[in-house]
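Before any comments, here is the structure.
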Amino acid sequence: MTLSPQPLGRLAIIGWPVSHSRSPLIHNYWLAAQGQSARYEAYPIDPQDDFRAALLDMAAAGFIGANVTVPHKEAAFAAMDEVSAAAQNLGAVNTISFQNGRLIGDNTDGDGFLAGLQTVTPNQDWQKTPALILGAGGAARAIIAALGRAGVPDIRLVNRTRAKAEALSDLAAHINIGDWQDRDGLAEGCGLLINTTSLGMAGQPPLNMVVQGLQKNALVSDIVYTPLHTPLLRAAQAGGFICVDGLGMLLNQAALSFEIWTGTRPDITPELRGLLLADLDEKD
Ligand code: ATR
(Lines give C-alpha, C1' and ligand atoms only; values in the text may rest on other atoms or scores of the structure.)
Protein backbone atom coordinates (compact mmCIF):
# COMPACT_ATOMS: atom_id res chain seq x y z
CA MET A 1 0.00 0.00 0.00
CA THR A 2 1.32 3.46 -0.86
CA LEU A 3 0.74 6.02 1.85
CA SER A 4 -0.24 9.52 0.75
CA PRO A 5 2.07 12.20 2.15
CA GLN A 6 0.85 14.39 5.00
CA PRO A 7 -0.97 17.26 3.29
CA LEU A 8 1.03 20.48 3.35
CA GLY A 9 -0.39 23.98 3.45
CA ARG A 10 0.25 26.65 0.84
CA LEU A 11 3.74 27.84 -0.13
CA ALA A 12 4.87 31.00 -1.89
CA ILE A 13 7.64 33.28 -3.03
CA ILE A 14 7.22 36.83 -1.77
CA GLY A 15 8.71 39.72 -3.76
CA TRP A 16 7.90 42.98 -5.54
CA PRO A 17 7.68 42.40 -8.43
CA VAL A 18 7.64 38.61 -8.30
CA SER A 19 5.95 37.38 -11.46
CA HIS A 20 9.35 36.71 -13.13
CA SER A 21 10.42 34.27 -10.39
CA ARG A 22 11.30 30.68 -11.36
CA SER A 23 10.73 29.45 -7.79
CA PRO A 24 7.11 28.33 -8.48
CA LEU A 25 8.32 26.14 -11.36
CA ILE A 26 10.99 24.53 -9.16
CA HIS A 27 8.90 23.94 -6.04
CA ASN A 28 5.77 22.82 -7.89
CA TYR A 29 7.92 20.22 -9.65
CA TRP A 30 9.01 18.85 -6.26
CA LEU A 31 5.50 19.03 -4.77
CA ALA A 32 4.16 17.03 -7.73
CA ALA A 33 7.01 14.50 -7.38
CA GLN A 34 5.95 13.96 -3.75
CA GLY A 35 2.31 13.52 -4.75
CA GLN A 36 1.34 16.71 -2.91
CA SER A 37 -1.72 18.65 -4.00
CA ALA A 38 -0.27 21.80 -2.36
CA ARG A 39 0.76 24.63 -4.67
CA TYR A 40 3.61 27.12 -4.52
CA GLU A 41 2.53 30.58 -5.66
CA ALA A 42 4.05 33.94 -6.58
CA TYR A 43 2.89 36.36 -3.86
CA PRO A 44 3.55 40.08 -4.35
CA ILE A 45 3.79 42.29 -1.26
CA ASP A 46 4.02 46.05 -1.82
CA PRO A 47 7.04 47.52 0.02
CA GLN A 48 4.67 50.27 1.27
CA ASP A 49 2.60 47.71 3.18
CA ASP A 50 3.16 46.59 6.79
CA PHE A 51 5.28 43.53 6.09
CA ARG A 52 4.70 41.62 9.33
CA ALA A 53 0.94 42.18 9.10
CA ALA A 54 1.02 40.84 5.53
CA LEU A 55 2.88 37.72 6.74
CA LEU A 56 0.37 37.13 9.53
CA ASP A 57 -2.41 37.38 6.92
CA MET A 58 -0.62 34.66 4.94
CA ALA A 59 -0.43 32.40 8.01
CA ALA A 60 -4.18 32.91 8.56
CA ALA A 61 -4.79 32.05 4.89
CA GLY A 62 -3.14 28.64 5.28
CA PHE A 63 0.45 29.25 4.17
CA ILE A 64 3.03 27.08 5.96
CA GLY A 65 6.11 28.54 4.32
CA ALA A 66 7.45 31.16 1.95
CA ASN A 67 10.61 32.20 0.21
CA VAL A 68 11.51 35.86 0.17
CA THR A 69 13.23 37.73 -2.64
CA VAL A 70 14.09 41.32 -3.59
CA PRO A 71 13.36 43.78 -2.00
CA HIS A 72 12.06 42.10 1.14
CA LYS A 73 14.86 39.96 2.63
CA GLU A 74 15.86 42.55 5.26
CA ALA A 75 12.23 43.45 6.06
CA ALA A 76 11.54 39.74 6.51
CA PHE A 77 14.45 39.49 8.96
CA ALA A 78 13.01 42.36 11.01
CA ALA A 79 9.53 40.78 11.03
CA MET A 80 10.51 37.35 12.42
CA ASP A 81 9.85 35.98 15.90
CA GLU A 82 12.89 33.71 15.65
CA VAL A 83 15.78 33.36 13.17
CA SER A 84 18.50 30.81 12.40
CA ALA A 85 22.19 31.55 12.89
CA ALA A 86 22.66 31.95 9.11
CA ALA A 87 19.88 34.55 8.90
CA GLN A 88 21.17 36.33 12.02
CA ASN A 89 24.65 36.57 10.51
CA LEU A 90 23.31 38.13 7.30
CA GLY A 91 20.47 40.22 8.72
CA ALA A 92 18.38 38.78 5.89
CA VAL A 93 15.78 36.00 5.56
CA ASN A 94 15.00 34.07 2.37
CA THR A 95 12.93 31.26 3.95
CA ILE A 96 10.01 31.68 6.34
CA SER A 97 8.16 28.95 8.22
CA PHE A 98 4.74 29.80 9.65
CA GLN A 99 4.48 27.71 12.82
CA ASN A 100 1.46 28.07 15.13
CA GLY A 101 1.24 31.81 14.59
CA ARG A 102 5.00 32.30 14.94
CA LEU A 103 7.29 33.45 12.11
CA ILE A 104 10.57 31.53 11.89
CA GLY A 105 13.25 32.82 9.49
CA ASP A 106 16.21 31.11 7.84
CA ASN A 107 18.59 31.88 5.01
CA THR A 108 19.60 29.15 2.54
CA ASP A 109 21.36 31.37 -0.02
CA GLY A 110 24.93 30.77 1.18
CA ASP A 111 24.62 27.05 1.81
CA GLY A 112 22.74 26.74 -1.49
CA PHE A 113 25.65 28.36 -3.27
CA LEU A 114 28.13 25.97 -1.59
CA ALA A 115 25.94 22.97 -2.46
CA GLY A 116 26.02 24.10 -6.11
CA LEU A 117 29.83 24.08 -6.05
CA GLN A 118 29.97 20.71 -4.30
CA THR A 119 27.78 19.15 -6.99
CA VAL A 120 30.31 20.12 -9.62
CA THR A 121 33.49 19.30 -7.67
CA PRO A 122 32.85 16.93 -4.79
CA ASN A 123 36.60 16.90 -3.92
CA GLN A 124 36.21 20.49 -2.63
CA ASP A 125 39.85 21.50 -3.22
CA TRP A 126 38.63 25.07 -3.67
CA GLN A 127 38.08 25.25 0.09
CA LYS A 128 41.86 25.29 0.61
CA THR A 129 42.72 28.03 -1.90
CA PRO A 130 42.22 31.81 -2.12
CA ALA A 131 38.89 32.94 -3.60
CA LEU A 132 38.10 36.18 -5.45
CA ILE A 133 34.57 37.56 -5.08
CA LEU A 134 33.29 40.35 -7.33
CA GLY A 135 30.47 42.48 -5.92
CA ALA A 136 29.16 43.47 -2.49
CA GLY A 137 25.35 43.21 -2.71
CA GLY A 138 23.02 40.81 -0.91
CA ALA A 139 24.16 37.73 -2.84
CA ALA A 140 27.81 38.51 -2.09
CA ARG A 141 27.04 38.76 1.63
CA ALA A 142 25.50 35.28 1.72
CA ILE A 143 28.30 33.76 -0.37
CA ILE A 144 31.13 35.36 1.64
CA ALA A 145 29.66 34.17 4.95
CA ALA A 146 29.32 30.64 3.53
CA LEU A 147 32.90 30.64 2.21
CA GLY A 148 34.02 31.70 5.69
CA ARG A 149 32.11 28.77 7.24
CA ALA A 150 33.71 26.45 4.66
CA GLY A 151 37.16 27.57 5.85
CA VAL A 152 38.40 29.36 2.70
CA PRO A 153 41.78 30.73 3.86
CA ASP A 154 41.87 34.03 1.88
CA ILE A 155 38.64 35.70 0.69
CA ARG A 156 39.58 38.49 -1.72
CA LEU A 157 36.72 40.94 -2.27
CA VAL A 158 36.45 43.73 -4.82
CA ASN A 159 33.52 45.97 -5.64
CA ARG A 160 33.07 49.00 -7.90
CA THR A 161 32.14 50.98 -4.78
CA ARG A 162 34.95 49.98 -2.42
CA ALA A 163 33.19 51.26 0.73
CA LYS A 164 30.43 48.67 0.25
CA ALA A 165 33.04 45.91 0.18
CA GLU A 166 34.69 47.29 3.30
CA ALA A 167 31.33 47.17 5.09
CA LEU A 168 31.39 43.36 4.62
CA SER A 169 34.80 42.77 6.17
CA ASP A 170 33.40 41.31 9.42
CA LEU A 171 31.29 38.64 7.67
CA ALA A 172 34.08 36.06 7.76
CA ALA A 173 37.69 35.70 8.86
CA HIS A 174 40.47 36.41 6.33
CA ILE A 175 38.59 38.87 4.09
CA ASN A 176 40.97 41.09 2.10
CA ILE A 177 39.46 44.07 0.27
CA GLY A 178 41.00 45.17 -3.03
CA ASP A 179 40.25 47.75 -5.70
CA TRP A 180 37.83 46.91 -8.51
CA GLN A 181 40.40 47.80 -11.19
CA ASP A 182 42.93 45.37 -9.66
CA ARG A 183 40.69 42.33 -10.09
CA ASP A 184 42.76 40.61 -12.79
CA GLY A 185 45.88 40.64 -10.61
CA LEU A 186 43.93 39.55 -7.53
CA ALA A 187 42.70 36.49 -9.45
CA GLU A 188 46.31 35.22 -9.53
CA GLY A 189 46.55 31.96 -7.61
CA CYS A 190 42.83 31.73 -6.77
CA GLY A 191 41.06 28.38 -6.98
CA LEU A 192 37.66 30.06 -7.03
CA LEU A 193 36.32 33.13 -8.83
CA ILE A 194 32.73 34.24 -8.24
CA ASN A 195 30.81 37.00 -10.00
CA THR A 196 27.95 38.30 -7.86
CA THR A 197 27.58 41.60 -9.76
CA SER A 198 24.94 42.20 -12.39
CA LEU A 199 27.61 42.54 -15.09
CA GLY A 200 27.05 39.97 -17.83
CA MET A 201 23.28 39.89 -17.26
CA ALA A 202 21.07 40.49 -20.30
CA GLY A 203 20.91 44.25 -20.87
CA GLN A 204 24.03 44.94 -18.75
CA PRO A 205 27.63 45.40 -19.90
CA PRO A 206 29.79 42.25 -19.89
CA LEU A 207 32.22 41.63 -17.05
CA ASN A 208 35.71 42.31 -18.34
CA MET A 209 37.99 39.94 -16.51
CA VAL A 210 41.23 38.12 -17.32
CA VAL A 211 40.99 34.62 -15.88
CA GLN A 212 44.35 33.22 -17.00
CA GLY A 213 46.02 33.80 -13.63
CA LEU A 214 43.66 31.47 -11.78
CA GLN A 215 45.00 28.16 -10.48
CA LYS A 216 44.82 25.20 -12.81
CA ASN A 217 41.46 23.43 -12.24
CA ALA A 218 39.97 26.56 -10.65
CA LEU A 219 36.20 26.94 -10.37
CA VAL A 220 34.57 29.94 -12.00
CA SER A 221 31.05 30.70 -10.86
CA ASP A 222 28.56 33.28 -12.04
CA ILE A 223 25.31 33.76 -10.18
CA VAL A 224 23.78 35.45 -13.24
CA TYR A 225 21.53 32.97 -15.13
CA THR A 226 20.01 35.24 -17.79
CA PRO A 227 21.89 34.41 -19.96
CA LEU A 228 23.16 31.11 -18.58
CA HIS A 229 26.42 31.22 -20.54
CA THR A 230 27.71 34.64 -19.51
CA PRO A 231 30.78 36.17 -21.16
CA LEU A 232 32.72 35.32 -17.96
CA LEU A 233 31.75 31.64 -18.09
CA ARG A 234 32.53 31.46 -21.82
CA ALA A 235 36.01 32.86 -21.16
CA ALA A 236 36.50 30.43 -18.27
CA GLN A 237 35.41 27.47 -20.36
CA ALA A 238 37.78 28.48 -23.16
CA GLY A 239 40.57 28.67 -20.56
CA GLY A 240 39.86 25.11 -19.40
CA PHE A 241 38.42 26.08 -15.99
CA ILE A 242 35.47 24.37 -14.30
CA CYS A 243 32.27 26.43 -14.65
CA VAL A 244 29.36 26.63 -12.22
CA ASP A 245 26.43 28.47 -13.79
CA GLY A 246 23.76 30.49 -12.03
CA LEU A 247 21.27 27.64 -11.84
CA GLY A 248 23.49 25.95 -9.23
CA MET A 249 22.68 28.47 -6.52
CA LEU A 250 19.07 28.95 -7.67
CA LEU A 251 18.25 25.23 -7.47
CA ASN A 252 20.20 24.42 -4.33
CA GLN A 253 18.92 27.29 -2.18
CA ALA A 254 15.42 26.19 -3.25
CA ALA A 255 16.14 22.55 -2.29
CA LEU A 256 17.32 23.62 1.19
CA SER A 257 14.15 25.71 1.69
CA PHE A 258 11.96 22.81 0.56
CA GLU A 259 13.74 20.58 3.10
CA ILE A 260 13.03 23.08 5.90
CA TRP A 261 9.27 22.96 5.15
CA THR A 262 8.86 19.25 4.37
CA GLY A 263 11.76 17.48 6.12
CA THR A 264 12.82 15.95 2.79
CA ARG A 265 15.68 17.16 0.56
CA PRO A 266 14.23 17.03 -2.97
CA ASP A 267 16.20 15.77 -5.97
CA ILE A 268 17.61 18.23 -8.48
CA THR A 269 16.97 16.04 -11.47
CA PRO A 270 18.13 16.53 -15.07
CA GLU A 271 14.42 16.79 -15.91
CA LEU A 272 13.98 19.76 -13.55
CA ARG A 273 17.07 21.47 -14.93
CA GLY A 274 15.68 20.88 -18.43
CA LEU A 275 12.34 22.46 -17.50
CA LEU A 276 14.14 25.52 -16.13
CA LEU A 277 16.35 25.81 -19.20
CA ALA A 278 13.29 25.64 -21.46
CA ASP A 279 11.55 28.29 -19.37
CA LEU A 280 14.63 30.52 -19.64
CA ASP A 281 14.90 29.74 -23.37
CA GLU A 282 18.42 28.43 -22.75
CA LYS A 283 20.40 25.27 -23.55
CA ASP A 284 23.15 23.49 -21.59
P1 ATR B 1 22.34 41.45 -5.28
O2 ATR B 1 21.56 41.73 -4.03
O3 ATR B 1 21.69 40.54 -6.25
O4 ATR B 1 23.75 41.04 -4.99
P5 ATR B 1 22.79 44.32 -5.71
O6 ATR B 1 22.68 44.57 -4.25
O7 ATR B 1 21.99 45.20 -6.62
O8 ATR B 1 22.38 42.84 -6.10
O9 ATR B 1 24.33 44.39 -6.11
C10 ATR B 1 24.73 44.51 -7.42
C11 ATR B 1 26.26 44.44 -7.48
O12 ATR B 1 26.65 44.62 -8.85
C13 ATR B 1 26.97 45.51 -6.68
O14 ATR B 1 28.15 44.97 -6.15
C15 ATR B 1 27.26 46.57 -7.74
O16 ATR B 1 28.35 47.41 -7.45
P17 ATR B 1 28.14 48.78 -6.59
O18 ATR B 1 28.06 48.36 -5.17
O19 ATR B 1 29.32 49.60 -6.91
O20 ATR B 1 26.85 49.39 -7.10
C21 ATR B 1 27.59 45.69 -8.92
N22 ATR B 1 27.48 46.40 -10.20
C23 ATR B 1 26.35 46.78 -10.82
N24 ATR B 1 26.65 47.40 -11.99
C25 ATR B 1 28.01 47.43 -12.09
C26 ATR B 1 28.95 47.95 -13.05
N27 ATR B 1 28.53 48.56 -14.18
N28 ATR B 1 30.26 47.77 -12.82
C29 ATR B 1 30.70 47.15 -11.69
N30 ATR B 1 29.87 46.64 -10.75
C31 ATR B 1 28.54 46.78 -10.93
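The values are calculated or read from the model by the stated rules, or taken from the named source; none is laboratory data. All values derive from a computational prediction rather than experimental measurement. Methodologically, a virtual Cβ is constructed for each residue, glycine included, from the backbone with ideal geometry; neighbour enumeration extends over all protein chains shown. In case anyone asks, the SASA skips ligands and DNA or RNA and just uses the protein heavy atoms, side chains included. Shrake-Rupley method; radii C 1.70, N 1.55, O 1.52, S 1.80 Å.
Projecting the Cα atoms of His229, Met80, Gly189 onto the charge dipole of the chain (Cβ charges, centred on the Cα centre) puts Gly189 farthest toward the positive pole.
Between 0 and 90 degrees, the angle of helix 51-60 with respect to the longest Cα principal axis of the chain falls at about 50 degrees.
Express the accessible area of the range 111-245 per residue in Å², computed with a 1.4 Å probe while the remaining protein chains stay in the model. Value for the range 111-245: 43 Å² per residue. Report, in degrees rounded to the nearest 10, the 0 to 90 angle that the Cα long axis of helix 247-262 makes with the longest principal axis of the chain. Here the helix axis deviates by roughly 30 degrees.
Here Lys283 is the anchor, and the aspartates and glutamates within straight C-alpha reach of less than 14 Å, apart from those fewer than 8 places off in the same chain, are Asp245, Glu271.
Between beta-carbons, use under 11 Å as the cut-off and find the net charge around Pro24, counting Lys and Arg +1, Asp and Glu -1. Its environment carries a net charge of 0. In the assembled protein chains, Leu277 presents an accessible area of approximately 10 Å² (probe radius 1.4 Å). Dipole magnitude for the chain: about 240 debye, using +1 per Lys or Arg Cβ and -1 per Asp or Glu Cβ, origin at the Cα centre. Only lysines eight or more places from Lys73 in sequence, or on another chain, were considered; those with a Cα closer than 29 Å are Lys164. Each of Thr264 and Ala173 was given a label point 7 Å from its Cα along the Cα-to-Cβ line. The distance between the two points is 4.0 nm.
Computed packing ranks the peptides 188-201, 95-108 as 188-201, 95-108, most packed first, by mean other Cβ atoms within 10 Å. Between helix 109-120 and the chain there is an angle of about 60 degrees, using the helix long axis and the longest principal axis of the Cα atoms.
Relative protection proxy for 60-73, 157-170, from highest mean packing down: 60-73, 157-170 (other beta-carbon atoms within 10 angstrom). Counting only lysines at least 8 places from Lys216 when in the same chain, those with an alpha carbon closer than 19 Å to its own are Lys128. Once label points are set 7 Å from the Cα along Cα→Cβ at both Arg273 and Thr119, what is their separation, rounded to one decimal in nm? Distance between label points: 0.6 nm.
Within the accessible surface of the chain, defined with a 1.4 Å probe on protein heavy atoms only, the carbon and sulfur portion equals 50 percent. Over the residues of the chain, the helix contribution to mean residue ellipticity at 222 nm works out to -10500 deg cm²/dmol, using -39500 (n - 2.57) for each DSSP H run of at least 4.
Taking N as the residue count of the chain, its C-alpha radius of gyration divided by 2.2 N^0.38 Å amounts to 1.01.
Normalised size of the range 111-245, defined as Cα radius of gyration per 2.2 N^0.38 Å with N residues, equals 0.93.
If we count every other residue with Cβ under 15 angstrom of Phe51's Cβ, Lys/Arg +1 and Asp/Glu -1, where does the sum land? Net charge around Phe51: -4. Relative to the globular-protein estimate of 2.2 N^0.38 Å, the Cα radius of gyration of the range 122-201 stands at 0.99.
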